[in-house]
Amino acid sequence: QVQLAESGGGPVAPGGSLRLSCVATASISSIYSMAWYRQPPGNRRDRELVAEVINHGSVRYADSVQGRFTASRDNAKNTMWLEMNNLKPEDTAVYYCNADSTYSDFGPLDVWGQGTLVTVSS
C-alpha cells in the first residue's frame, strides 16, 4: 500500500505564495490520478477538488484557483506539488493529497494524506 504525506502549509498574507508537496511512500507511476483537495476549517461539507494531475500529464483545476495555482507531479520522485500564487483569504483550508486509481501496482486505490493547513490572513 502507498501512503501520502503533505507539507508546505502555514500562514501567509493575502497576495502571497506557498508551495505544497505531497510525497508518496512508493512509486506513483502506476497511479492514474493524483489530486489536491481542500476543506475549510470547521466546514463539514465535502472536500473541494482543487487540482487533479492525470498520469498522462493533463491537469484540471477548480474555477476558483484557475490561473493562480499550478499542480504538477514527478513520478520518478514519487511527488506531487501545488504552487499557489496570489493567495486569498478564501483559500484558507486544510489541503489534502489524494491518490485514486482503478488499476495500479497496489490494486484499486483511493488514498488520502493527513492534510496541511494553509491560512491566508493579514
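Within segment 110-121, is even one residue open to solvent by 50 Å² or more (accessible area, probe 1.4 Å), hydrophobic (A, V, I, L, M, F, W, C) and touching a residue at least 12 places away in the same chain (Cβ under 8 Å)?
yes
So, in segment 68-93, how many residues would count as being under 17 Å from Leu20 (Cα atoms), of a type in the set (A, V, I, L, M, F, W, C) and without any contact (Cβ under 8 Å) to a residue 60 or more places away in the chain?
The qualifying residues number 4.
Taking the condition in contact with a helix residue (DSSP H, G or I) (Cβ under 8 Å, 6 or more places away or on another chain), in a strand (DSSP E or B), open to solvent by less than 60 Å² (accessible area, probe 1.4 Å) and in contact (Cβ under 8 Å) with a residue 24 or more places away in the chain, does Val65 pass?
Criteria not met by Val65.
State all residues of segment 47-58 that are open to solvent by less than 20 Å² (accessible area, probe 1.4 Å) and either modelled with pLDDT under 95 or of a type in the set (Val, Ile, Thr) (or both); if no residue qualifies, say none. Walk me through it before giving the result.
At the first step, the residues of segment 47-58 found to be open to solvent by less than 20 Å² (accessible area, probe 1.4 Å) are 50-51, 53-54.
Within segment 47-58, Val50, Val53, Ile54 meet the criteria.
Answer yes or no: is there a residue in segment 31-46 that is small (Gly, Ala, Ser), assigned to a strand (DSSP E or B) and surrounded by 15 or more Cβ atoms within 10 Å (Cβ to Cβ). Before the answer, list the steps.
Going through segment 31-46, the residues small (Gly, Ala, Ser) turn out to be 33, 35, 42.
Narrowing the set further to residues that are assigned to a strand (DSSP E or B) leaves 33, 35.
So of that shortlist, the ones also surrounded by 15 or more Cβ atoms within 10 Å (Cβ to Cβ) come out as 33, 35.
Looking for residues that are small (Gly, Ala, Ser), assigned to a strand (DSSP E or B) and surrounded by 15 or more Cβ atoms within 10 Å (Cβ to Cβ), one finds at least one in segment 31-46, hence yes.
Would you pick out the residues in segment 68-82 that are open to solvent by 10 Å² or more (accessible area, probe 1.4 Å), more than 14 Å from Leu4 (Cβ to Cβ) and under 12 Å from the mean Cα position of the chain (by Cα)?
Thr70, Ser72
Out of Leu82, Leu49, report the one residue that is of a type in the set (A, V, I, L, M, F, W, C) and within 26 Å of Ser122 (Cβ to Cβ). Walk me through it before giving the result.
On the way: Leu49 fails: within 26 Å of Ser122 (Cβ to Cβ).
Answer to the selection: Leu82.
Taking the condition in contact (Cβ under 8 Å) with a residue 12 or more places away in the chain, outside any strand (DSSP E or B) and on the phi < 0 side of the Ramachandran plot, does Val2 pass?
yes
Looking at segment 83-106, which of its residues are of a type outside the set (A, V, I, L, M), open to solvent by less than 20 Å² (accessible area, probe 1.4 Å) and either outside any strand (DSSP E or B) or modelled with pLDDT under 95 (or both)?
Asp91, Ser101
Regarding segment 15-27, can at least one residue be identified that is of a type in the set (Gly, Ala, Ser), open to solvent by less than 20 Å² (accessible area, probe 1.4 Å) and farther than 25 Å from Thr92 by Cβ?
The answer is yes; a qualifying residue exists.
Scan segment 1-24 for residues that are among the polar types (S, T, N, Q) and over 16 Å from the mean Cα position of the chain (by Cα) and jot them down.
Across segment 1-24, the qualifying residue is only Gln1.
The values are calculated or read from the model by the stated rules, or taken from the named source; none is laboratory data. From a predicted model like this one, the values you see are computed outputs, not experimental measurements. Cβ atoms come from the backbone with ideal geometry, glycine included; neighbour counts cover every protein chain shown. Accessible surface areas use protein heavy atoms only, side chains included; no ligands, DNA or RNA. Shrake-Rupley method; radii C 1.70, N 1.55, O 1.52, S 1.80 Å.
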